[in-house]
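Some notes on the structure that comes next.
Every read-out reported here was derived from the displayed coordinates using simple, explicitly stated rules and does not represent laboratory data. Please read these numbers as outputs of a predicted model, since none were measured by experiment. All Cβ positions, even for glycine, are placed from backbone atoms using ideal geometry, and neighbour counts span all protein chains on display.
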Amino acid sequence: MKLIIAANWKMNKTRAETEAFCREIKARQEDFHDTEVVICPPFTSLEAAGRSLSGSAIKLGAQNLFWEKAGAFTGEVAPPMLVDLGVQYVIIGHSERRHLLGEDDAAVHKKLKAALEHRLRPILCVGETREERERGETEVVVGTQLRRALEGLDPALIEELVVAYEPVWAIGTGIAATAADAHRAATLVREIAAECLGSAAVERLRVQYGGSVNAGNIGEFVALPSIDGALVGGASLAVDSFAALILSAQEAAR
Ligand code: PGA
């Protein structure tokens, strides 16, 4: 299976900055033969990114979506609008949306369902906070987030799902999880997904680790059989650091 490495730019980059990044990363794409690379710019840069990446194997992802197809939902973006822009992936339930913007498990579930119905591949984020970890609740928190997200979904739709285990305390802090912690969580994700959807449906499930991933530590994660790639924030903002990260991952996964 190819690695999957996604760049989560969060609220960064204008259209001009997006185009410059995408032109450069596209020029290096031949180095990334063992990796599915996904760029997730903000909504305002999706079109510019799509245009700059066209003709390349690099995929376009969004950072969020709304679950309705159209209507009176001021400020929201519908799945068909993303499909129209050539978007193939969508990050759902990122911890910044859960914790800063009040997105709950029910909203995450509706978004996941809507994405799958429109053939957008979800990158579903789950992960515990520092306090939850200190209370020994990691497994319960990750398990609950995942069960509520997947509950009642059609297993036939699920084969394009990616789950990103992103401990909240590791995001943007420079303190990544240990490989052992990531492995434990990724294994739990696979077990719960199998429980919710059946083991056949999750055979192709891809699990990423996210949280302070860089070129220096990515190797520890992708060397694990339970982890297929990474969701990358800070280290995805500059072409050089992102490309170096992809190359290290390929080296370690070989
Ligand atoms: P980080 O962010 O790599 O900057 O820690 C990861 C994420 O939020 O997806």
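Overview of results
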item	result
Estimated distance in nm for a label pair at Ala194 and His99, the labels positioned 7 Å out from Cα along Cα-to-Cβ	3.0 nm
Within the range 133-152: backbone nitrogen closer than 17 Å to the Asp181 label point (7 Å, Cα to C-beta)	133-143
Pairs beyond 27 Å (Cα-Cα), from Lys13/Lys111; Lys26/Lys110; Lys59/Lys111; Lys59/Lys113	Lys26/Lys110
Added length on full extension, which subtracts the Cα-Cα distance from 0.36 nm per residue, Ala27 to Ser241	75.5 nm
Dipole of the range 154-254, positive direction: furthest Cα of Gln208, Ala230, Ser241, with charges on the beta-carbon	Ser241
Qualifying GluC sites (Glu not before Pro) in the range 136-216, DSSP loop, other Cβ atoms within 10 Å at most 16	Glu137, Glu151, Glu203
Principal axis dimensions, the range 3-253 - Cα atoms, whole angstrom, descending	46, 44, 34
Cα centre as origin, Lys/Arg/Asp/Glu Cβ charges: the chain dipole, Debye	440 debye
Environment charge of Val239, counting only residues whose C-beta is closer than 15 Å and scoring Lys/Arg +1, Asp/Glu -1	-2
Computed over the chain: relative contact order in percent, which uses C-alpha pairs under 8 Å that are six or more apart	19 percent
Quotient of Cα Rg and 2.2 N^0.38 Å for the range 1-144, N being how many residues it contains	1.12
log10 of Debye I(q)/I(0), alpha-carbon scatterers only, for the range 17-91 at 0.13, 0.23 Å⁻¹	-0.39, -1.00
